[in-house]
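The values are calculated or read from the model by the stated rules, or taken from the named source; none is laboratory data. The structure presented is a predicted model; accordingly, all values stated were derived computationally and were not measured. All Cβ positions, even for glycine, are placed from backbone atoms using ideal geometry, and neighbour counts span all protein chains on display. To get the accessible areas, we keep the full protein, side chains included, count just its heavy atoms, and leave off ligands, DNA and RNA. Shrake-Rupley method; radii C 1.70, N 1.55, O 1.52, S 1.80 Å.
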Amino acid sequence: MPFDFKTLRIKDVMFIAPKVFDDQRGFFSEVFKSSEFKEIGVTEPIVQVNHSRSNRDVLRGLHYQINPKEQGKMVGVVLGEIFDVGVDLRKESSTYGQWVGKKLTSENKGMMFFPKGFAHGFCVLSDVAEIVYYCTGSEYSPENEHGIIWNDPRLKIEWPIKNPILSEKDLKLSRWDVAEKYFI
């Protein structure tokens with residue numbers, strides 16, 4: 001098996017460590033293999049792949065799409081280092097309203113998988129970071145996109161940066177208690 005899947009503190013969130021083949025030429029690893037992901041319950045096809053580049057201290061998120069356009073995301077770092085976060089928005093979940101985060105780097109080549117029903121965000125810990133994320137469920141839908149402010153006092157996310165750089169859009173995201181009406 002070319003992947004080591006580790007369930008994190010929140011059920012259905014996975015840290016994925018691919019098997020990496022290194023030698024004097026460089027390295028090779030598989031990033032996604034449908035048959036292996038199906039074995040752990042990831043059965044929806046990938047419908048969109050995104051690539052972003054951000055500078056140190058940039059924080060993107062916490063973003064999610066509402067029903068009927070929810071997305072699952074598998075996130076990996078191509079260059080640099082990030083702290084990747086998911087917040088459980090699934091009302092029926094025993095971890096509803098809780099967050100999980102993990103450092104991902106281009107060196108460790110680890111990835112995170114967040115199923116539908118999670119808000120997602122990350123902050124950049126290196127001078128620059130490039131991430132690629134594979135989306136399941138639905139393609140990007142601006143009319144179904146919502147978000148929660150990064151520093152919401154109810155969530156108490158332990159971001160490893162103090163003064164993040166945010167987009168104008170992310171500065172205007174809702175607090176948990178206002179956004180909650182949109183959760184699936």
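Go through the range 118-128 residue by residue and tally those that are of a type in the set (A, V, I, L, M) and either in contact with a helix residue (DSSP H, G or I) (Cβ under 9 Å, 6 or more places away or on another chain) or open to solvent by less than 10 Å² (accessible area, probe 1.4 Å) (or both).
Residues in the range 118-128 being of a type in the set (A, V, I, L, M) and either in contact with a helix residue (DSSP H, G or I) (Cβ under 9 Å, 6 or more places away or on another chain) or open to solvent by less than 10 Å² (accessible area, probe 1.4 Å) (or both): 2 in total.
Taking Lys102, is it open to solvent by 40 Å² or more (accessible area, probe 1.4 Å) and not in a strand (DSSP E or B)?
no
Being under 23 Å from Val77 (Cβ atoms), open to solvent by less than 70 Å² (accessible area, probe 1.4 Å) and not in a strand (DSSP E or B) narrows it down to one residue among Ile131, Ile161; which is it?
Result: Ile161 is the single residue among Ile131, Ile161 that is under 23 Å from Val77 (Cβ atoms), open to solvent by less than 70 Å² (accessible area, probe 1.4 Å) and not in a strand (DSSP E or B).
Of the residues that make up the range 120-130, is at least one more than 16 Å from the chain's Cα centre (by Cα) and under 18 Å from Asn50 (Cβ atoms)?
Checking the range 120-130: at least one residue is more than 16 Å from the chain's Cα centre (by Cα) and under 18 Å from Asn50 (Cβ atoms).
Yes or no: the range 3-17 includes at least one residue that is surrounded by 13 or more Cβ atoms within 10 Å (Cβ to Cβ), more than 19 Å from the chain's Cα centre (by Cα) and outside any loop (DSSP other than H, G, I, E, B).
No, the range 3-17 has no match at all.
Based on this model, can you work out whether Leu171 counts as surrounded by 16 or more Cβ atoms within 10 Å (Cβ to Cβ) and more than 20 Å from Phe114 (Cα to Cα)?
no
Assigned to a loop (DSSP other than H, G, I, E, B), out of contact with any strand residue (DSSP E or B) (no Cβ under 8 Å at 6 or more places or on another chain) and either surrounded by fewer than 20 Cβ atoms within 10 Å (Cβ to Cβ) or at pLDDT below 95 (or both): does that describe Ser93?
Yes; evaluated as a whole, the condition is true for this residue.
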